[in-house]
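The structure appears below as structure tokens.
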Amino acid sequence: MSGHVLAPRRAPYSFAELERLVQPRSVSVIGASDTPGSFGANTMANIQAGFEGRLYPVNPNRQTVFGLKCWPSVSALPEPVDLAVLIIPAASVPAALTECADCGVGSAVIYSRASPSSARPRRSRPRPPSPRSPGPAACGCWGPTASAWPIWR
């Protein structure tokens, strides 16, 4: 590992961090879509089915998704969200997580076709803090009293 600097290990999740993950008040879906059968559309439909908080689809190639205004990026959102759901190619995940961290996103669930380790950039300097994320092989998250379902079902 010559030339690589490892980031210090993070402390366990705090209650506030867990709450933003399993009981979010606001969610962004990065890679949102309303194309029938797509992973982005299924995830949006799952969340919309009962989520009572603020939902922000993010996709620079769409104006609306399921009747909601679609935002071009996380930095364009009107507020830092509690949970970002990333439905994007693995190669795009590191940049998206950096943007989420810069914008104050509390936690993230990552859906990707390649493993997160293959998408992880090689760095010679410590990584900036990023949103908390279960994984690396998470298939979503659920809180028993939460109305958001960012899971594949």
Of the residues in region 20-64, those that are touching a residue at least 40 places away in the same chain (Cβ under 8 Å), closer than 15 Å to Ser107 by Cα and not β-branched (Val, Ile, Thr) number 7
Subset tally (residues that are buried (at least 21 other Cβ atoms within 10 Å of the Cβ) and part of a loop (DSSP other than H, G, I, E, B)) for region 12-64 | 5
Within region 65-82, of all residues that are among the hydrophobic types (A, V, I, L, M, F, W, C) and touching a residue at least 24 places away in the same chain (Cβ under 8 Å), the one surrounded by the fewest Cβ atoms within 10 Å (Cβ to Cβ) is Phe66
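Here, each number is a calculation from the coordinates, and none is a lab measurement. On a predicted model such as this, the values are computed, not experimentally measured, just so you know. So basically every Cβ, Gly included, is an ideal-geometry build from the backbone, and we count neighbours across all protein chains shown.
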